[in-house]
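The values are calculated or read from the model by the stated rules, or taken from the named source; none is laboratory data. Keep in mind that what you see is a predicted model, and the values were worked out from it rather than measured. Quick reminder, even Gly has a Cβ in these numbers, built from the backbone with ideal geometry, and neighbours come from all protein chains shown. In case anyone asks, the SASA skips ligands and DNA or RNA and just uses the protein heavy atoms, side chains included. Shrake-Rupley method; radii C 1.70, N 1.55, O 1.52, S 1.80 Å.
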2 protein chains.
Amino acid sequence: MTALNERKQKILRAVVTDYIQTAEPVGSRTLSRHYQLALSAATIRNEMADLEELGFLKQPHTSAGRIPSQQGYRFYVDSLMDQVELTPQEKLYLEKFFTQLQKIREIDQIVQQVAKALSVLTRYTSLVLAPQLKHCAFAQMRLIPIDEKQALVVLFTDTGYIRNKVIEMPRALSADELDRVVAYLNEELAGQTIAGLTAARLRKLRPDLYSRVDILHSLLAMLEECSSDGETRIFLGGTSNILDQPEFKDMEKVKHLLTLFEEGERLTFILETAPEGITIRIGTENLLAEMHDCSLVTASYHLHGRPLGTIGVLGPTRMEYARVTTIIKEMTERLNMLISML
Amino acid sequence: MTALNERKQKILRAVVTDYIQTAEPVGSRTLSRHYQLALSAATIRNEMADLEELGFLKQPHTSAGRIPSQQGYRFYVDSLMDQVELTPQEKLYLEKFFTQLQKIREIDQIVQQVAKALSVLTRYTSLVLAPQLKHCAFAQMRLIPIDEKQALVVLFTDTGYIRNKVIEMPRALSADELDRVVAYLNEELAGQTIAGLTAARLRKLRPDLYSRVDILHSLLAMLEECSSDGETRIFLGGTSNILDQPEFKDMEKVKHLLTLFEEGERLTFILETAPEGITIRIGTENLLAEMHDCSLVTASYHLHGRPLGTIGVLGPTRMEYARVTTIIKEMTERLNMLISML
DNA sequence: TTTAGCACTCTCGGAAGGCGAGTGCTAAAG
DNA sequence: CTTTAGCACTCGCCTTCCGAGAGTGCTAAA
């Protein structure tokens, strides 16, 4: 595409950097003074006019400074952004945080804490998708009779998730019978992903277990329920942080975002559709209209090389991309480590 | 205390009613026109001056209309407020809502849905405290060995709560031994509230179970952990609704509230300390400074006559108390019913 | 005791005008 | 040909300044 000569790139980088810090349109004067460009304001003005024509910058109104356009941010993120290091304070915070976290065994709680830490560190809003049951693989189930009519099914996944449901038992069954049914299912289903546990199962299982088909039905229904579980598996942190951003002094925008924050499914969708690894979505690159002047940085976390979920940071398009990226990278790395230790 | 004559009461009621609707200071003119007081503006003016002196009304500034003071709201709520009925739409909504809800078995999910419905109906923010483990009574526990070193403990409460935790087993124990320990604990602890399961236990149990004291330790530690479980057992609904209130056009206030909303423990505290039955806390009657210009209407919901948790609605002091109270009453009633059917 | 009339107060909204930051253009310098 | 200095111009923002409108308190009459 359009190749920017080195000088234009330097100027663009300076504009983006400055605007990210100040949130104010940046003028040629400011650039020539505060950045080592060795150019006069006039020259910079000309270059900026070019950059605007090329679509990397824009003016809020005539005779104001320039601010980066979406395309400008994109170029910055792709080509101009330097890597930053964690500050000593951030390192310290992370260190302490993960030390604390080791005590917690439940993945959902861990992930919730991660959301919080992420928002504290970045000072933006964080979104964290907990591991989804349906993407995990079936490991085994156990059945605990409660009384004549009900039993508790405990489901274990390969990722260490444990989930229980009460099911109704259509009729009293002996412990032996139950054990056999469960053992059979455990054998048949081991390794299958939860999402795959649907109608396809029924066909296979009927033939040789006719007498127990009713209890099987209950169990399969329960599994299917798990596979389509609409539970909110998303955690937010620092939602109030968006109010610190000058771009959200407009109540309407805030309202739209806050409303979005209450819609678990749509948020989940956003994080689910993020590809593996680190992704940065800027402005209208986000699918949801409410996020059209936001940017979202996401990364997936893994167990045994398989993606479990996603963590993300949401801020204005004028986001400190470099800093956020570094923090997210570090966070996923440590989270992966933590999870792999069970 | 100060007895208000009937006329003053009528006027106060009119002021509160009008201000609740319009959010604008109400003047003598408006009152004489829109309310059947059969009094001239001048007379009303005099009475309003009295009411102000008595502390029930206040003026935002000289020569503006009057608005209710906190004391004014308090008097209104205690003595002046008429009962309102649910609108047909509200009834319909509730009907549908609870029909849907019957399908859900897990109390936490139910309660989360209630929070949502409550915010939709009231158009304020809702807070709902889920049943707290520690207030429930121990019913029984089951232990499922996972491998040599770990076992899953499943805890049942009398309220139908089911909670599981993985514990480390200090050494391999035979199934028989485990069964006996668990059976023993089940007998000893049945009916005790989870909150009571602390150090007091240890004394009783040591003597006759010396050989298994290590596994006992693990189990007791696990129970104790449950009793002090800091998990977020609170659900919010309609947080973005506060932005619709003109009193929250000030970003600072909103920010304080949103930040508070992220602090589960403090919110939990607020709801925990609410007495049984319906309570209305106005302005500074709320313990948290962030809520000093909010009002909170709460009610507790029950199972078998025992309070399980609390539901609440948070809005500006200029809240539609009558409407909210009716909705909350109806909601708790139906929720009680739903829960009692398991 | 109630009411009409009146002068007074205070907020809010819009208009006017000055300030400052920044631009684009032109012409000179390198 | 590129860079730079100078300059006129534009435009948003802030302050100030009314005028309108709503509402009050007081006084005097019904």
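Observations, loosely collected:
- So B:ALA195, is it modelled with pLDDT under 90 and exposed (fewer than 15 other Cβ atoms within 10 Å of the Cβ): no
- For the stretch B:318-333, the condition holds for no residue, the condition being that it is without any contact (Cβ under 8 Å) to a residue 24 or more places away in the chain and more than 16 Å from the chain's Cα centre (by Cα).
- Some residue of the stretch B:81-97 being surrounded by 17 or more Cβ atoms within 10 Å (Cβ to Cβ) and closer than 16 Å to B:GLN9 by Cα: yes
- Only residues that are surrounded by fewer than 17 Cβ atoms within 10 Å (Cβ to Cβ), within 11 Å of DNA strand D (Cβ to nearest atom) and either hydrophobic (A, V, I, L, M, F, W, C) or farther than 15 Å from B:MET319 by Cα (or both) were counted in the stretch B:1-25, giving 0.
- Test for B:ASP78: is it free of Cβ contacts under 8 Å to residues at least 60 places away in the same chain and more than 14 Å from DNA strand C (Cβ to nearest atom): yes
- Test: A:MET222 is more than 14 Å from chain B (Cβ to nearest Cβ), more than 13 Å from the chain's Cα centre (by Cα) and either assigned to a loop (DSSP other than H, G, I, E, B) or closer than 30 Å to A:ASN186 by Cβ (or both): no
- No other residue among A:ALA115, A:ALA64 is out of contact with any His (no Cβ under 6 Å at 6 or more places or on another chain) and either within 16 Å of DNA strand D (Cβ to nearest atom) or open to solvent by 20 Å² or more (accessible area, probe 1.4 Å) (or both) apart from A:ALA64.
- The set of residues from the stretch A:12-45 being touching a Phe, Trp or Tyr at 6+ places or on another chain (Cβ under 8 Å) and within 9 Å of DNA strand C (Cβ to nearest atom) comprises A:PRO25, A:VAL26.
- Condition check for B:LYS116: among the charged types (D, E, K, R), in a helix (DSSP H, G or I), at pLDDT 85 or above and within 33 Å of the chain's Cα centre (by Cα): yes
- A:ASP108 vs. criteria within 25 Å of B:THR159 (Cβ to Cβ) and outside any helix (DSSP H, G or I): no
- Of all residue pairs spaced 6 or more apart or on separate chains, those with beta-carbon atoms under 7 Å, a first member in the stretch A:160-179 that is outside any strand (DSSP E or B) and a second member that is among the hydroxyl-bearing types (Ser, Thr, Tyr) are A:MET169/A:SER218; A:PRO170/A:SER218.
- Of everything listed in (1) at pLDDT 95 or above; (2) in contact with a Pro (Cβ under 8 Å, 6 or more places away or on another chain), the single unmet condition for B:LEU260 is (2).
- Count - residues of the stretch A:26-54 that are open to solvent by 20 Å² or more (accessible area, probe 1.4 Å), in contact (Cβ under 8 Å) with a residue 40 or more places away in the chain and not charged (D, E, K, R): 1
- Residue check for B:GLN100: under 30 Å from B:ALA115 (Cα atoms), open to solvent by 30 Å² or more (accessible area, probe 1.4 Å) and either in the same structural domain as B:THR122 (by TED's automatic domain parsing) or within 16 Å of DNA strand C (Cβ to nearest atom) (or both): yes
Matching residues to (1) buried (at least 20 other Cβ atoms within 10 Å of the Cβ); (2) at pLDDT below 85; (3) within 13 Å of chain A (Cβ to nearest Cβ):
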site	(1), (2), (3)
B:PRO131	yes, no, no
B:PRO145	no, yes, yes
B:GLN150	no, yes, yes
B:LEU155	yes, no, yes
B:LEU185	yes, yes, no
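- Subset of the stretch A:67-82 (residues that are touching a helix residue (DSSP H, G or I) at 6+ places or on another chain (Cβ under 6 Å) and either away from DNA strand D (no atom under 13 Å from the Cβ) or within 14 Å of chain B (Cβ to nearest Cβ) (or both)): A:PRO68, A:GLN70, A:TYR76, A:VAL77, A:LEU80, A:MET81
- Filtered by the rule that a residue be surrounded by fewer than 19 Cβ atoms within 10 Å (Cβ to Cβ) and more than 13 Å from chain A (Cβ to nearest Cβ), the stretch B:133-143 gives B:LYS134, B:HIS135, B:ALA137.
Per-residue answers, yes or no, for (1) out of contact with any helix residue (DSSP H, G or I) (no Cβ under 6 Å at 6 or more places or on another chain); (2) outside the structural domain of B:THR298 (by TED's automatic domain parsing); (3) closer than 26 Å to B:GLY305 by Cβ:
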{"site": "B:THR125", "(1), (2), (3)": "no, no, no"}
{"site": "B:ALA139", "(1), (2), (3)": "yes, yes, yes"}
{"site": "B:ILE146", "(1), (2), (3)": "yes, yes, no"}
{"site": "B:GLY160", "(1), (2), (3)": "yes, yes, yes"}
{"site": "B:ARG163", "(1), (2), (3)": "yes, yes, yes"}
{"site": "B:ALA175", "(1), (2), (3)": "yes, yes, no"}
{"site": "B:VAL182", "(1), (2), (3)": "yes, yes, no"}
{"site": "B:GLU188", "(1), (2), (3)": "yes, yes, yes"}
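- For the stretch B:237-267, a tally of residues being away from chain A (no Cβ under 11 Å) and open to solvent by less than 20 Å² (accessible area, probe 1.4 Å) returns 1.
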